[in-house]
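Here the structure is laid out as structure tokens; the discussion comes afterwards.
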Amino acid sequence: MKVLGIDPGTAVLGFGVVDAGGPAPRLVECGILATRPRDPLPTRLRILYDGIVTLLERHRPDAMAVETAFYGRNVRTTVVLSHARGVILLAGEQAGVEIAEYAPALIKKTMTGRGAALKPQVGYMVMQLLRLRTPPEPEDAADGVAVALTHALIAQRRGAFFRQVTGAQ
């Protein structure tokens, strides 16, 4: 199973593509999509949309996993982030890819065992799980990879559970 993981943002969007089809997950690509702060929001959203469409076309993932919006004190930030998530979800829907969404605390807990883990801790565990020499850089890219790994791990567990319950091989 190949998964495109997305850590949404309007200034910096982190992404990671993980192939979890073999005995151990493998990092295919990771990076960021960055927009200029002075660009108007519609321009930034188009850049993000075009970037996600390009990633979906290049990698043809089986699933796309997206981090849900973090509800902080700043309502404006949450609303703008929701716009970014909207174009990301639209791109995935148009590509016909399975879409899963995960809360930030669940991603951190899946990666580190702690829902309040810090970014360096998540990056370290991504490095360990993928047997990399260093954590993916920048941290937003590592977060995108963590989203993809979370989906791969949860999908594996779900598949094993249903095989056990139904007795299927």
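When the residues of segment 106-116 are filtered to those that are under 14 Å from residue 7 (Cβ atoms) and hydrophobic (A, V, I, L, M, F, W, C), the one that is surrounded by the fewest Cβ atoms within 10 Å (Cβ to Cβ) is 106. Within segment 61-73, not a single residue is under 23 Å from residue 27 (Cα atoms) and part of a helix (DSSP H, G or I).
Take the residues of segment 141-169 that are among the small types (Gly, Ala, Ser) and surrounded by 15 or more Cβ atoms within 10 Å (Cβ to Cβ): which is modelled with the lowest pLDDT? My answer is 155. Look at residue 92 and say whether it is of a type in the set (Gly, Ala, Ser) and either surrounded by fewer than 12 Cβ atoms within 10 Å (Cβ to Cβ) or without any contact (Cβ under 8 Å) to a residue 40 or more places away in the chain (or both). Answer is no for this residue.
Scanning segment 95-130 for residues that are in contact with a strand residue (DSSP E or B) (Cβ under 9 Å, 6 or more places away or on another chain) and not aliphatic (A, V, I, L, M) yields 98, 101, 102, 104, 110.
The values are calculated or read from the model by the stated rules, or taken from the named source; none is laboratory data. Every value quoted in this text rests on a predicted model; they were computed, and no experiment measured them. Note that we place each Cβ from the backbone using ideal geometry, even for glycine, and neighbour counts take in every protein chain shown.
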